[in-house]
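Working notes for the structure below.
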Amino acid sequence: MTARIGVAVMAVLLALYIVLVGQRAWLLLVSGDPVGIAMGVGLVALPLIAAWALVRELLFGVHAQRLGRRLEDEGALPDDEVGVRPSGRVLREDGDAVFPVYRADVESHPDDWRAWYRLGLAYDAAGDRRRAREAIRTSIKLESAERSR
């Protein structure tokens, strides 16, 4: 629940940023000054990029959470015994120890979204957030393709 509150706060702050920068861009665009107009045009791009990034990340979170719930309902989430810190994060050495199992599962079932999702969890437990997100994105794409068949 704390993560959802954090996401909501960040989304509200980013939305506020988008509104304020958009307002400044508008004021510069209608200023009549060529330099102000040029700066206003530049500022228009920033809120658009920020809005795109916000929507993209929120959709990623929603899709990832939906797949996680689905795996949980199927009883297919990893059940490895790993140590955790007081914060709830997996101890890195325990994450590194179980990682090869999930990598091998993906290698033997490259079109299985469940294997990719579990690999993403293993990457996250091992501390590799970038690869974890890539694996979860692959899982989302594969599951979406499976649903559309």
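A compact table of results
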read-out: For PHE99, PHE60, order by how many other beta-carbon atoms lie within 10 Å, fewest first; value: PHE60, PHE99
read-out: Dipole magnitude (debye, nearest 20) for the range 92-148, charges at Cβ of Lys, Arg, Asp, Glu; value: 300
read-out: Fewest-first ranking of SER31, SER87, SER139, using other Cβ atoms within 10 Å as the exposure measure; value: SER87, SER31, SER139
read-out: Chain lengthening between ARG24 and ARG149 when straightened (0.36 nm per residue, less Cα-Cα); value: 40.3 nm
read-out: Residues in the range 1-33 that a label on MET39 would reach, taking backbone N under 15 Å of a point 7 Å out along Cα→Cβ; value: 21-33
read-out: Extended-chain gain in nm, criterion 0.36 nm per residue less alpha-carbon gap, LEU16 and THR2; value: 2.9 nm
read-out: Rounded to the nearest 20 debye, dipole of the range 2-74 from Cβ charges on Lys, Arg, Asp, Glu; value: 60
read-out: Distance between modelled label sites at ALA97 and ASP111, nm, 7 Å Cα→Cβ extension; value: 3.6
read-out: Simple Cβ-charge dipole of the chain, Lys/Arg +1 and Asp/Glu -1, about Cα centre, in debye nearest 20; value: 600
read-out: Spatial separation of Cα centroids for the range 1-62 and the range 83-116, in angstrom; value: 36
read-out: Burial ordering of TRP113, TRP26, TRP52, fewest other beta-carbon atoms within 10 Å first; value: TRP52, TRP26, TRP113
read-out: For LEU91, distant residues with modelled amide H under 5 Å away; value: GLY83, VAL84, ARG85
read-out: Per DSSP, loop trypsin sites (Lys or Arg not before Pro) in the range 1-101 with at most 16 further Cβ within 10 Å; value: ARG89
read-out: Most mobile of GLY120, GLY61, GLY32 in a GNM of the chain (Cα contacts under 10 Å); value: GLY32
read-out: Per residue convex hull volume, Cα atoms of the range 39-149, in Å³; value: 139
read-out: Computed lengthening from ARG69 to SER87, 0.36 nm per intervening residue step minus Cα-Cα distance; value: 4.3 nm
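Bear in mind these aren't lab numbers, they're just calculated from the coordinates by the rules spelled out. Because the structure is predicted, anything quoted here is derived from the model rather than measured. Quick reminder, even Gly has a Cβ in these numbers, built from the backbone with ideal geometry, and neighbours come from all protein chains shown.
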